[in-house]
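Student: Before anything else, here's the structure in question.
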Ligand code: TXA
Ligand code: MG
């Protein structure tokens with residue numbers, strides 16, 4: 001098949017096959033969101049538990065009413081402010097939405113992605129495409145087509161190639177099922193302050209003990225994880241930690257904003273940008289590269305603990321927990 005043949009990709013979706021496609025955040029593993037047989041293939045390919053809900057990608061906000069009911073004005077305000085873009089809205093599900101999409105919950109996650117290939121595919125397909133990130137469950141999300149082929153290969157009928165994803169980390173997820181109390185379930189490039197300005201109400205992150213909040217697999221303590229154990233290290237402790245490991249004969253991978261203190265054959269060092277957007281853009285590719293460097297550990301210089309870095313710190317903390325569990 002020709003590279004990026006949108007008509008054939010849409011035909012594969014209609015035939016119940018899986019199509020991986022780029023979005024501005026990460027690559028998605030797509031299936032017809034109205035076809036339970038196709039949806040089941042997503043869970044099989046990813047090794048994902050069946051009760052973890054999927055985001056439905058829409059061609060335009062005008063499709064909202066086909067997937068959600070009792071849509072609050074806040075949802076339309078956010079859709080017009082941020083769509084197409086890296087924001088997922090959790091709304092009350094339409095009764096026709098399959099249980100495999102919602103994980104059997106009363107809500108559904110919806111977004112319009114901001115990528116020309118994703119939008120072309122959605123318009124040609126003409127309906128919702130359910131798509132989790134196109135990685136094995138719990139592992140690092142893919143930000144290039146090659147990452148998808150490396151990890152899922154045979155299971156996917158078509159992989160559309162849109163080059164590296166512009167944002168690089170997954171969408172912000174906002175729970176609007178209780179519209180008077182909008183809650184961020186997963187931080188992303190669109191922050192709480194920006195959402196609050198658009199809604200004229202304070203938007204906060206879901207607190208760990210909130211039992212009303214819907215389940216979010218991206219909110220598991222362990223997620224986005226490399227296979228190599230990963231540790232976050234404060235900037236002022238990094239060079240001592242590196243020297244100690246090298247002195248002990250350990251092979252070490254480092255992701256840091258500072259430059260390497262020593263050139264050493266046992267040391268694989270990647271420089272990360274001190275700018276949030278550039279850091280996020282490269283984060284998963286950097287983690288994949290360091291994970292394949294055959295090192296005993298990955299040390300990551302902790303970014304600033306500020307609101308601006310919230311989404312990156314969230315991913316790094318879960319990667320640290322996840323890598324130490326496997
Ligand atoms: O940027 C993104 O959101 C990417 C691209 C492909 O769009 N997708 C993505 O999908 O990150 P996934 O499946 O890896 O993460 C989706 C998250 C999961 O944590 C899931 O639990 C949550 O969205 N989610 C989906 N529907 C939900 C619902 N009804 N209630 C609560 N959380 C939901
Ligand atoms: Mg994911």
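The values are calculated or read from the model by the stated rules, or taken from the named source; none is laboratory data. Please read all numbers here as calculations on a predicted model, not as lab measurements. Cβ placement follows ideal geometry from the backbone for every residue including glycine, while neighbour counts extend to all protein chains displayed.
Student: In the list 68, 81, which residue meets the criterion of being farther than 27 Å from residue 152 by Cβ and either free of Cβ contacts under 8 Å to residues at least 60 places away in the same chain or not assigned by TED's automatic domain parsing to the domain that holds residue 164 (or both)?
Tutor: Going through 68, 81 in turn, just one is farther than 27 Å from residue 152 by Cβ and either free of Cβ contacts under 8 Å to residues at least 60 places away in the same chain or not assigned by TED's automatic domain parsing to the domain that holds residue 164 (or both): 68.
Student: Among the residues of segment 130-153, how many are more than 10 Å from ligand 2 (Cβ to nearest atom) and either on the phi > 0 side of the Ramachandran plot or out of contact with any helix residue (DSSP H, G or I) (no Cβ under 9 Å at 6 or more places or on another chain) (or both)?
Tutor: Count: 6.
Student: Just the residues that are surrounded by fewer than 18 Cβ atoms within 10 Å (Cβ to Cβ) and more than 6 Å from ligand 1 (Cβ to nearest atom), please, taken from segment 102-118.
Tutor: Of everything in segment 102-118, those that are surrounded by fewer than 18 Cβ atoms within 10 Å (Cβ to Cβ) and more than 6 Å from ligand 1 (Cβ to nearest atom) turn out to be 104, 106, 116.
Student: Can we say residue 261 is farther than 29 Å from residue 145 by Cβ, touching a strand residue (DSSP E or B) at 6+ places or on another chain (Cβ under 6 Å) and either modelled with pLDDT of 95 or more or surrounded by 14 or more Cβ atoms within 10 Å (Cβ to Cβ) (or both)?
Tutor: Against the criterion (farther than 29 Å from residue 145 by Cβ, touching a strand residue (DSSP E or B) at 6+ places or on another chain (Cβ under 6 Å) and either modelled with pLDDT of 95 or more or surrounded by 14 or more Cβ atoms within 10 Å (Cβ to Cβ) (or both)), residue 261 does not qualify.
Student: Here are 136, 123: which of them is more than 24 Å from residue 183 (Cβ to Cβ) and modelled with pLDDT under 95?
Tutor: Of 136, 123, the one residue that is more than 24 Å from residue 183 (Cβ to Cβ) and modelled with pLDDT under 95 is 136.
Student: Inspect segment 60-77 for any residue being out of contact with any strand residue (DSSP E or B) (no Cβ under 9 Å at 6 or more places or on another chain) and assigned to a loop (DSSP other than H, G, I, E, B) and give the result as yes or no.
Tutor: Yes: segment 60-77 contains one or more residues that are out of contact with any strand residue (DSSP E or B) (no Cβ under 9 Å at 6 or more places or on another chain) and assigned to a loop (DSSP other than H, G, I, E, B).
Student: Let me ask you something else. Sort out which residues of segment 225-242 are free of Cβ contacts under 8 Å to residues at least 40 places away in the same chain and either surrounded by 14 or more Cβ atoms within 10 Å (Cβ to Cβ) or outside the structural domain of residue 320 (by TED's automatic domain parsing) (or both), and write them in order of number.
Tutor: 239
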